1. Per residue, how many Å² of accessible area does the chain show with a 1.4 Å probe?
2. What does the net charge come to around THR44 if you take all other residues with beta carbon closer than 9 Å to its beta carbon, with K and R at +1 and D and E at -1?
3. Per the 1.4 Å probe, what fraction of the accessible area of the stretch 4-73, in percent, lies on carbon and sulfur atoms?
4. On full extension of the chain, what length is gained from SER46 through LYS13, given 0.36 nm per residue of separation minus the C-alpha to C-alpha distance?
5. Indicate the gyration tensor shape class of the stretch 1-69 (rounded, prolate or oblate), computed on the Cα atoms with a ≥ b ≥ c the square roots of the eigenvalues: a/c under 1.5 is rounded; otherwise a/b larger than b/c is prolate and the rest oblate.
Amino acid sequence: MQNEAGADPKQRKNIRQGAAVSIVMKQDQRTGKLTEGTVREILTNSSFHPHGIKVRLADGRVGRVQKIHVDDE
């Protein structure tokens, strides 16, 4: 799954603190429901994860990044 920027959300190098992202939380994996938020912390240590990089959002929710949103500046 690619995002608006064309950057792969499965690559850790494409995710930054403060980035606007859509994640799928553990309890939503079956439905694929996405939750939007801002990255507070990157939890995955490896440079790649096939299901998406795990992050903690500013509001404390945890999930794997499915989309990285770009600013319309």
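The values are calculated or read from the model by the stated rules, or taken from the named source; none is laboratory data. Bear in mind the structure is a predicted one, so any value in this text is a computation, not a measurement. Neighbour counts run over all protein chains shown; Cβ positions are idealised from the backbone, glycine included. Quick note on the areas: whole protein, heavy atoms, side chains included, nothing else; ligands and nucleic acids left out. Shrake-Rupley method; radii C 1.70, N 1.55, O 1.52, S 1.80 Å.
1. Per-residue accessible area for the chain comes out at 65 Å².
2. +3
3. That share works out to 43 percent.
4. Computed gain between SER46 and LYS13 is 10.9 nm.
5. Rounded, since a/c falls under 1.5.
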